[in-house]
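I have placed the structure first, in the form of structure tokens, so that the comments after it can refer back to it.
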Number of protein chains: 2
Amino acid sequence: MARFKGQAEYSVDAKGRTAIPAKMRSALSPDAQNTFTLTKGFEPCIYAYPQDQWKIKEEEYGSLNTNSRDARHLVRMILMWAEEVSLDGQGRISLPKSLSEYASIGDKVLIIGAMDRIELWDPEQFANYLQDHKEDQETLVERVMGS
Amino acid sequence: MARFKGQAEYSVDAKGRTAIPAKMRSALSPDAQNTFTLTKGFEPCIYAYPQDQWKIKEEEYGSLNTNSRDARHLVRMILMWAEEVSLDGQGRISLPKSLSEYASIGDKVLIIGAMDRIELWDPEQFANYLQDHKEDQETLVERVMGS
DNA sequence: GAGAATGTGGGGAAAAGTGGGGAGATCGCC
DNA sequence: GGCGATCTCCCCACTTTTCCCCACATTCTC
């Protein structure tokens, strides 16, 4: 499985394209075929899953019972935001309008590696997010991982 | 199996035709022969199943017990709205009047990929639907998929 | 410091989306 | 049964968007 880490601030050009850091590109498994599926994050950002990783998620959604109202709603809410994008010859992807609007992304993106996915943030939104979650890291570690 | 995802707002022309997004068209299996079966959604929208997928649904309905009053009624309700349509040379389908009336579709449609089917919504109806179901997504995921 | 790799910008061909005309089939009416 | 109106398809034409390729500046590496 790809393990993304690190952060970088890149620009988004007039055509809505942004480069993926070379380090993250080289962390991609060949199975991903240089393709990501972008989707709406729980936070105000875009999640980018490499194709191989996304396939696993998709299987899960596909196995839900479509006769259940909740399941239909969930699938709708998640898949309507999902878009498949591939790297161009320059290692860039283009961001769908619906998603960059959701994440308030303008002409700059903050790209963050988060294990099995990459997150794309508007730098300002990310600063806000940090502001709202400035709990001491040590306390957090204890709360989440302290057995 | 075809795996539809993403959303797009398209127009419906004076003849009641609407294009199917190229991305969804290319997700069609050859077995579907560029043909969909449209039917009434459980929500106020039109479901479009690719032909191969619809065949499976039909099997399901066919295997229901015809001695049950409920089952007979269910089959009747579902099949009476089903209508087969094919893509024209431009990748469009034409929407039967009965269905577009049911879904209140005017000159714009919101097309949503939902796994094995495509959903056609009137944009306004969809906004209402969201309004009525704005449960937090994280909670929903937990409820439906939480182990 | 030279060469390679990385990030950024833009032009142009190809594809996608939209609208409309016209031939053929279907239906109703005279 | 004949005729006209309506509807359905198929085809053509135009506009917009997307994608692919080329080019350049900057950074990194050796």
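Remark: pairs (first residue in the stretch A:98-116, within 14 Å of another protein chain (Cβ to nearest Cβ) and open to solvent by less than 40 Å² (accessible area, probe 1.4 Å); second residue assigned to a strand (DSSP E or B) and among the β-branched types (V, I, T); Cβ separation under 6 Å; 6+ apart in sequence or on different chains) = A:L99/A:I46. Would a scan of the stretch A:13-34 turn up a residue that is more than 16 Å from DNA strand D (Cβ to nearest atom), under 24 Å from B:R143 (Cβ atoms), among the small types (G, A, S) and touching an Asp or Glu at 6+ places or on another chain (Cβ under 7 Å)? Within the stretch A:13-34 (the criterion being more than 16 Å from DNA strand D (Cβ to nearest atom), under 24 Å from B:R143 (Cβ atoms), among the small types (G, A, S) and touching an Asp or Glu at 6+ places or on another chain (Cβ under 7 Å)), the answer is no, since none of the residues qualifies. Taking the listed residues A:K57, A:K5, the one that is in contact (Cβ under 8 Å) with a residue 40 or more places away in the chain and within 15 Å of the chain's Cα centre (by Cα) is A:K5, with no other qualifying. Candidates B:Q51, B:Q137: the one that is touching a helix residue (DSSP H, G or I) at 6+ places or on another chain (Cβ under 7 Å), over 20 Å from B:S11 (Cα atoms), within 16 Å of DNA strand D (Cβ to nearest atom) and open to solvent by less than 70 Å² (accessible area, probe 1.4 Å) is B:Q51.
Summed over the stretch B:121-147, residues that are within 11 Å of another protein chain (Cβ to nearest Cβ), at pLDDT below 85 and assigned to a loop (DSSP other than H, G, I, E, B) total 2. Of all the helices (runs of 4 or more DSSP H) wholly in the stretch B:1-103, which have at least 1 residues that are within 13 Å of DNA strand C (Cβ to nearest atom)? Fully inside the stretch B:1-103 and qualifying: B:22-27.
Flag: A:S29 matches the condition of being open to solvent by 20 Å² or more (accessible area, probe 1.4 Å), free of Cβ contacts under 8 Å to residues at least 60 places away in the same chain and in contact with a Pro (Cβ under 8 Å, 6 or more places away or on another chain). Taking the criterion of being surrounded by 16 or more Cβ atoms within 10 Å (Cβ to Cβ) and under 25 Å from A:I56 (Cβ atoms), the residues of the stretch A:1-17 that qualify are A:A2, A:F4.
Among what's in the stretch A:68-92 and is touching a Lys or Arg at 6+ places or on another chain (Cβ under 7 Å) and open to solvent by less than 20 Å² (accessible area, probe 1.4 Å), pick the residue that is farthest from A:R3 (Cα to Cα). Here the answer is A:L79. Residue selection: B:L130 fails the criterion of being surrounded by 13 or more Cβ atoms within 10 Å (Cβ to Cβ) and under 19 Å from A:A82 (Cα atoms). Among the residues in the stretch B:3-25, are any at pLDDT below 95 and within 25 Å of A:D70 (Cα to Cα)? The answer is yes; a qualifying residue exists.
The condition (being touching a helix residue (DSSP H, G or I) at 6+ places or on another chain (Cβ under 9 Å), loosely packed, with under 12 Cβ neighbours inside 10 Å and without any contact (Cβ under 8 Å) to a residue 60 or more places away in the chain) is satisfied by just one residue among B:N65, B:N34: B:N65. Taking (1) among the acidic types (D, E); (2) touching a Leu at 6+ places or on another chain (Cβ under 6 Å); (3) within 14 Å of chain B (Cβ to nearest Cβ) in turn, A:E9 satisfies each apart from (3).
The values are calculated or read from the model by the stated rules, or taken from the named source; none is laboratory data. Everything numeric in this text was worked out from a predicted model, so none of it was measured. With ideal geometry, Cβ positions are generated from the backbone for all residues, glycine too; neighbour counts draw on all protein chains shown. Side chains are part of the model used for accessible areas, which takes the heavy atoms of the whole protein and leaves out ligands, DNA and RNA. Shrake-Rupley method; radii C 1.70, N 1.55, O 1.52, S 1.80 Å.
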